[in-house]
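Novice: This is the structure I want to talk about, given as structure tokens.
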Amino acid sequence: MRRPRRRRDWPWAVVLLAPALAAFALWVFYPLGRTIWLGTQRSDPFGLRTEYVGLDQYREVLDSSQFHNSLKVTFAYVLISVPVALVLGLGLAVLANTQLRGMRFFRTVFSSTVASSVAVSALLWFVLLQPSIGVVNQFLKSIGREPVDLLNDPDRALFAVSATSVWQNLGIVFVTVIAGLQAMPQELHEAARVDGHGAWSRFRNVTVPMISPTLLFTTVVLTIRAFQTFGEIDLLTQGGPNERTNVLTYALYTTVYKERDPGGGAALAVVLFVIILLLTMVQFRFLERRVHYAS
Amino acid sequence: MAAVEFTRVTKRFGTTTAVDGLDLSVADGEFLVLLGPSGCGKSTALRLLAGLEQPTEGTISIGGRRVDDVDPKDRDLAMVFQSYALYPHMSVAKNIAFPLRPRGIAKAERARLTNEAAEMLGLGALLDRKPAQLSGGQRQRVALARAIVRKPAVFLMDEPLSNLDAKLRAQTRTELVDLHRRLGTTFIYVTHDQIEAMTMADRVAIMEAGRLQQVGTPQAVYDRPANLFVARFIGSPPMNIMTGVLEPARRTVSLAGTAIPAPSALCERFSARASVPVEVGIRPEHLRIVDPSQAGVHITATVRLVEALGHEQLVHVVSSGGTPIVVRLPLLGGGLPVPKLSVDAAVHVGLDPVDVHLFDASSTERLDA
């Protein structure tokens with residue numbers, strides 16, 4: 001009697017999937033499991049594990065005022081930096097997607113931040129925003145305004161850090177969106193022009209729906225990146241002033257390395273993971289309805 | 001409804017001249033077909049009219065209004081693209097209604113006009129579908145519905161049938177003619193397919209290398225091609241072209257080892273010259289395989305190939321002078337025997353001098369114009 005094909009094939013399936021599963025197990029599932037487990041262990045002041053406390057530590061993290069502050073700061077940071085980077089990058093891509101002489105130069109310039117590291121862009125903005133020699137304050141002085149120390153101003157520091165992140169992300173948004181725009185059939189634009197639609201209407205009714213898969217992808221990636229921002233914060237503000245830029249990743253870092261509390265840090269990391277996971281699912285669920293995939 | 005006028009219109013892309021000094025008037029309500037091989041400038045001419053390209057020189061007017069500085073959206077045209085250019089994210093209904101939206105038409109009226117256009121093209125049941133769920137023929141109809149929905153002054157069509165299969169193409173041709181008759185609007189239709197041109201056009205404008213070669217009714221361009229290009233381009237299989245010499249003093253044109261009487265007007269015109277090199281054209285359907293004893297002009301030839309197409313035979317022969325000639329023999333039925341010609345058989349090809357077209361060998365222009 002012949003065995004069903006499905007049952008005959010499964011040993012091969014396991015063999016073929018094994019390398020990928022092994023890699024995932026080693027670098028993703030094991031660290032994730034280990035972090036979740038670490039979150040159940042209390043650490044002593046020297047950072048050594050002492051006792052199993054179950055979910056207590058997770059509860060403590062969720063109840064702490066530091067977590068509430070960091071959550072607020074992180075959401076504010078995401079809500080400022082992601083839409084601004086998206087809108088600016090989309091705008092630049094649409095402008096640079098015209099057939100004009102010298103446009104290649106601008107395309108190179110606009111996409112260049114893809115190739116610059118967080119450290120470089122943080123340093124660049126640190127110099128730009130520097131109170132005495134920075135260009136921003138030079139400009140303020142030249143128009144007769146008082147110089148401001150943006151990175152040390154509790155009300156403005158988050159915006160200053162967000163500006164760095166927007167600048168840093170502009171390149172990736174520009175590159176992905178312009179790729180989407182160039183894949184779009186030119187005739188759709190021409191048809192809309194002949195059909196009586198002006199530039200704005202064509203952008204809204206034709207361009208945006210046609211590149212919606214690209215926009216969804218970019219939004220999700222930018223949001224995840226923004227939740228994981230660490231470099232800009234560490235290099236520019238170290239979470240200050242007055243905890244006003246203390247995003248979750250930075251709070252996690254201080255918990256583990258400054259407060260020597262790996263257990264608490266692990267619990268915070270798991271909470272951050274769950275937040276990003278849920279948010280990404282929500283984004284797909286609600287944004288994908290408006291996305292048109294070419295068939 | 002509107003007439004269209006191209007005046008000395010030239011379009012250059014860098015060093016390439018796509019349209020070269022085009023002068024063309026299209027009457028109000030006319031169905032004009034721009035015909036030519038690919039790269040002849042016909043699509044560029046259409047895009048210039050639509051405003052999707054700007055002329056390098058010359059002016060275009062629509063309904064008496066110069067449109068050189070008018071944006072495409074304000075030219076009151078509708079265009080059907082070869083690819084149909086349907087918006088893939090919109091339903092059929094939304095695609096059709098799209099040209100109505102910028103015109104400030106109320107929603108209920110938009111729906112009414114959309115339904116009317118959809119009904120006219122038999123799309124009533126498909127209004128909620130997306131373009132990806134339609135067949136090629138249905139997409140083509142949606143593109144047409146989108147064009148007719150706002151009743152523009154002029155319809156532009158850029159090879160709208162080239163993505164359809166042969167049967168659907170033939171069917172859609174007759175439907176387009178019917179649509180033109182019902183709407184009574186000016187149609188300007190670009191194609192490289194002479195069957196489409198011959199069957200649909202009121203007049204055909206034939207272009208080659210950016211230049212207008214001839215404008216006329218389909219029958220006129222077939223009967224009296226203005227130059228060698230048109231002679232070769234119109235008609236399938238193409239006109240036979242043989243090199244010959246017009247000898248005005250002897251009142252003959254000698255070709256392929258024979259001589260045919262020359263039109264006297266031409267002999268008068270060239271009476272000062274001993275001989276004039278000419279290209280002699282004769283359509284395959286105007287040649288016959290004749291009995292050697294029969295009177296008239298004969299070309300002796302050898303059969304090389306016989307293509308039997310059921311309703312006709314295409315007999316490929318080579319004249320004793322070495323010129324390849326195609327003879328088209330219609331099979332008329334009625335119990336008449338089907339000619340059986342074997343390869344390498346010697347035959348006599350008969351022709352009537354009135355069917356002969358003469359072109360100047362150097363200018364390629366028709367001589368008895």
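Novice: In contact with a helix residue (DSSP H, G or I) (Cβ under 6 Å, 6 or more places away or on another chain), at negative phi, of a type in the set (Val, Ile, Thr) and away from every other protein chain (no Cβ under 14 Å): does that describe residue A:118?
Specialist: Values: in contact with a helix residue (DSSP H, G or I) (Cβ under 6 Å, 6 or more places away or on another chain): yes; at negative phi: yes; of a type in the set (Val, Ile, Thr): yes; away from every other protein chain (no Cβ under 14 Å): yes.
So residue A:118 fits the description; yes.
Novice: Let me ask something else about it. For the range A:1-94, which fully contained helices (runs of 4 or more DSSP H) count at least 2 residues that are buried (at least 18 other Cβ atoms within 10 Å of the Cβ)? Lay out the reasoning, then the answer.
Specialist: Values: elements: A:5-24, A:30-38, A:56-63.
Filter on the range A:1-94 gives A:56-63.
Novice: Based on this model, can you work out whether residue B:306 counts as among the hydrophobic types (A, V, I, L, M, F, W, C), over 14 Å from residue B:240 (Cβ atoms) and in contact with a strand residue (DSSP E or B) (Cβ under 9 Å, 6 or more places away or on another chain)? Working first, answer last.
Specialist: Values: among the hydrophobic types (A, V, I, L, M, F, W, C): yes; over 14 Å from residue B:240 (Cβ atoms): yes; in contact with a strand residue (DSSP E or B) (Cβ under 9 Å, 6 or more places away or on another chain): yes.
Yes.
Novice: Okay, moving on. For the range B:212-258, which residues satisfy the criterion of being polar (S, T, N, Q), more than 12 Å from the chain's Cα centre (by Cα) and more than 20 Å from residue B:328 (Cβ to Cβ)?
Specialist: Passing the criteria: B:227, B:243, B:252, B:254.
Novice: Further question: Does residue A:226 meet the test of being more than 14 Å from chain B (Cβ to nearest Cβ) and within 24 Å of residue A:177 (Cα to Cα)? I'd like the intermediate steps shown before the answer.
Specialist: Values: more than 14 Å from chain B (Cβ to nearest Cβ): yes; within 24 Å of residue A:177 (Cα to Cα): yes.
Answer is yes for this residue.
Novice: Could you tell me whether any residue of the range B:80-95 is farther than 20 Å from residue A:209 by Cα, part of a loop (DSSP other than H, G, I, E, B) and either among the aromatic types (Phe, Trp, Tyr) or facing chain A (nearest Cβ under 10 Å) (or both)? Working first, answer last.
Specialist: Keep residues of the range B:80-95 that are farther than 20 Å from residue A:209 by Cα, which gives B:80-82.
Next, from what is left, pick out any that are part of a loop (DSSP other than H, G, I, E, B): B:81-82.
Those left that are additionally either among the aromatic types (Phe, Trp, Tyr) or facing chain A (nearest Cβ under 10 Å) (or both): B:81-82.
The answer is yes; a qualifying residue exists.
Novice: Within the range A:128-211, considering only helices (runs of 4 or more DSSP H) that don't extend past its boundaries, which have at least 1 residues that are among the β-branched types (Val, Ile, Thr) and more than 14 Å from chain B (Cβ to nearest Cβ)?
Specialist: Passing ranges, in order: A:135-142, A:157-182.
Novice: Filter the range B:116-151 for residues that are out of contact with any strand residue (DSSP E or B) (no Cβ under 6 Å at 6 or more places or on another chain) and within 11 Å of chain A (Cβ to nearest Cβ); which is farthest from residue A:192 (Cα to Cα)?
Specialist: Going through the qualifying residues, I end up with B:133.
Novice: Right, something else. Between a first residue in the range B:6-30 that is within 23 Å of residue B:202 (Cα to Cα) and a second residue that is among the aromatic types (Phe, Trp, Tyr) and in a strand (DSSP E or B), which pairs have beta carbons less than 8 Å apart while being 6 or more apart in sequence or on different chains?
Specialist: From residues that are within 23 Å of residue B:202 (Cα to Cα), the pairs are B:22/B:6; B:23/B:6; B:24/B:6; B:25/B:6; B:30/B:187.
Novice: Another question, if that's okay. Pick from A:232, A:146: which is acidic (Asp, Glu), farther than 30 Å from residue B:50 by Cβ and buried (at least 20 other Cβ atoms within 10 Å of the Cβ)?
Specialist: Values: A:146 fails: buried (at least 20 other Cβ atoms within 10 Å of the Cβ).
The conditions single out A:232.
Novice: Scan the range B:143-184 residue by residue and report those that are in a loop (DSSP other than H, G, I, E, B) and in contact with a helix residue (DSSP H, G or I) (Cβ under 9 Å, 6 or more places away or on another chain). Give the derivation first.
Specialist: Restricting attention to the range B:143-184, the residues satisfying the condition of being in a loop (DSSP other than H, G, I, E, B) are B:149-153, B:159-165, B:184.
Hits for the range B:143-184 are B:149, B:150, B:151, B:152, B:159, B:160, B:161, B:162, B:163, B:164, B:165.
Novice: Here are some residues: B:70, B:26. Which one is more than 10 Å from chain A (Cβ to nearest Cβ), of a type in the set (A, V, I, L, M) and in contact with a Ser or Thr (Cβ under 9 Å, 6 or more places away or on another chain)?
Specialist: B:26
Novice: State whether one or more residues within the range A:129-137 are under 17 Å from residue A:233 (Cβ atoms) and either within 24 Å of the chain's Cα centre (by Cα) or in contact (Cβ under 8 Å) with a residue 12 or more places away in the chain (or both).
Specialist: Of the residues in the range A:129-137, the ones under 17 Å from residue A:233 (Cβ atoms) are A:129.
With the extra rule that they be either within 24 Å of the chain's Cα centre (by Cα) or in contact (Cβ under 8 Å) with a residue 12 or more places away in the chain (or both), the set shrinks to A:129.
Yes - at least one qualifying residue is present in the range A:129-137.
Novice: Right, next: Hand me the list of helices (runs of 4 or more DSSP H) wholly inside the range B:215-282 holding 3 or more residues that are surrounded by fewer than 19 Cβ atoms within 10 Å (Cβ to Cβ). Can you show your working first?
Specialist: Working: elements: B:218-223, B:228-233, B:264-269.
Ranges flagged: B:218-223, B:264-269.
Novice: Report yes if residue B:51 is within 8 Å of chain A (Cβ to nearest Cβ) and more than 13 Å from residue B:188 (Cβ to Cβ), otherwise no.
Specialist: Numbers: within 8 Å of chain A (Cβ to nearest Cβ): yes; more than 13 Å from residue B:188 (Cβ to Cβ): yes.
Yes; evaluated as a whole, the condition is true for this residue.
Novice: Go through the range B:347-369 residue by residue and tally those that are part of a helix (DSSP H, G or I) and either in contact with a strand residue (DSSP E or B) (Cβ under 9 Å, 6 or more places away or on another chain) or not hydrophobic (A, V, I, L, M, F, W, C) (or both).
Specialist: Count: 2.
Novice: Only one of B:113, B:100 is surrounded by fewer than 21 Cβ atoms within 10 Å (Cβ to Cβ), within 14 Å of chain A (Cβ to nearest Cβ) and modelled with pLDDT of 90 or more. Can you tell me which?
Specialist: On the way: B:100 fails: surrounded by fewer than 21 Cβ atoms within 10 Å (Cβ to Cβ).
Sole residue among the options that is surrounded by fewer than 21 Cβ atoms within 10 Å (Cβ to Cβ), within 14 Å of chain A (Cβ to nearest Cβ) and modelled with pLDDT of 90 or more: B:113.
Novice: Another one. Any idea which of A:235, A:216 is away from chain B (no Cβ under 14 Å), in contact (Cβ under 8 Å) with a residue 12 or more places away in the chain and either aliphatic (A, V, I, L, M) or on the phi > 0 side of the Ramachandran plot (or both)? Walk me through it before giving the result.
Specialist: Values: A:216 fails: away from chain B (no Cβ under 14 Å).
That would be A:235, the only listed residue that is away from chain B (no Cβ under 14 Å), in contact (Cβ under 8 Å) with a residue 12 or more places away in the chain and either aliphatic (A, V, I, L, M) or on the phi > 0 side of the Ramachandran plot (or both).
Novice: So, in the range B:118-135, how many residues would count as being in a helix (DSSP H, G or I), over 17 Å from residue B:174 (Cα atoms) and in contact (Cβ under 8 Å) with a residue 12 or more places away in the chain?
Specialist: If we filter the range B:118-135 for residues that are in a helix (DSSP H, G or I), which is where we start, we get B:118-120, B:124-126, B:131-133.
Right, trim to over 17 Å from residue B:174 (Cα atoms) and you get B:118-119, B:124-126, B:131-133.
Then keep just the ones that are in contact (Cβ under 8 Å) with a residue 12 or more places away in the chain; that gives B:118, B:126, B:131-132.
The total comes to 4.
Novice: Further question on the same structure: Being modelled with pLDDT of 85 or more and either of a type in the set (Val, Ile, Thr) or surrounded by 12 or more Cβ atoms within 10 Å (Cβ to Cβ) (or both): is that true of residue A:158 here?
Specialist: When the stated conditions are applied, residue A:158 passes them.
Novice: When residue B:354 is evaluated against the numbered criteria (1) surrounded by 12 or more Cβ atoms within 10 Å (Cβ to Cβ); (2) under 27 Å from the mean Cα position of the chain (by Cα), which criterion, by number, is the only one it fails?
Specialist: (1)
The values are calculated or read from the model by the stated rules, or taken from the named source; none is laboratory data. No experiment lies behind these values; they were computed from the predicted model shown. When we count neighbours, we look across all protein chains shown, and the Cβ atoms used for this are built from the backbone with ideal geometry, even at glycine.
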